[in-house]
Amino acid sequence: MNLSSTKVLKIPVIDVDAENIKLYGHLLGDDVSKPGLGIPFYQERVLEGENIDFSYRGTATFRTAKILPGYPPIIWLERHIHMTQMFIGLGQAPFIMVMAPPNHAQDESLPDLNQVKALRFPPGFGLLLHLGTWHDFPIACDRPVVILTANSDEVVTALSQMKSPDEMNQGDVYKISLPKRLGYEIQLDI
């Protein structure tokens, strides 16, 4: 497909909340989920929350990435069927995630662009993606942001072995080019 014929899908950036994240994953923020876990130590000063359901195949990999500010067109979306990837913003800068809900259970191989959202996460917040959630890498707003990412070694290895940006379907990474597959790029309406 000729990139000059690519259509633009403009989507607004909205602030994340417990309701609008539900199709894509779980909000991680400034409170614990379901406090009251029965660990007997420090009960007078610690509210233990439930386990975060991070799942992966193989070896877990945690790493950080510093994202520079800017609002590039979104031309890639990817999903992971064997991992509930996690992104947590460190420091004092917000970040944006562009996502579409999982649809692999319906044997769909492309995201539904009618359900794409751009959610802004406050500083210190993050998310745990559902299996199969379509997503791009986090976007920094007006300041650089450091993101802590929980992955599988399988995903990091597959991505780092790519010689150039291209579609891929290996190592639990299914990444597509939106212009090539759907004739669109996504732009954020800031």
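The values are calculated or read from the model by the stated rules, or taken from the named source; none is laboratory data. The structure displayed is predicted, hence computed values, not measured ones. With ideal geometry, Cβ positions are generated from the backbone for all residues, glycine too; neighbour counts draw on all protein chains shown.
So the values come out like this:
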read-out	value
Residues that are in a loop (DSSP other than H, G, I, E, B) and at pLDDT 95 or above, drawn from region 20-40	N20, I21, K22, L23, Y24
Residue in region 136-157 that is surrounded by fewer than 18 Cβ atoms within 10 Å (Cβ to Cβ) and either free of Cβ contacts under 8 Å to residues at least 12 places away in the same chain or of a type in the set (S, T, N, Q) (or both) present	yes
Residue list for region 85-99, filter: in contact (Cβ under 8 Å) with a residue 60 or more places away in the chain and either more than 16 Å from D17 (Cα to Cα) or of a type in the set (D, E, K, R) (or both)	Q85, M86
L188 being touching a Lys or Arg at 6+ places or on another chain (Cβ under 9 Å), under 23 Å from P69 (Cβ atoms), of a type in the set (A, V, I, L, M, F, W, C) and surrounded by fewer than 15 Cβ atoms within 10 Å (Cβ to Cβ)	no
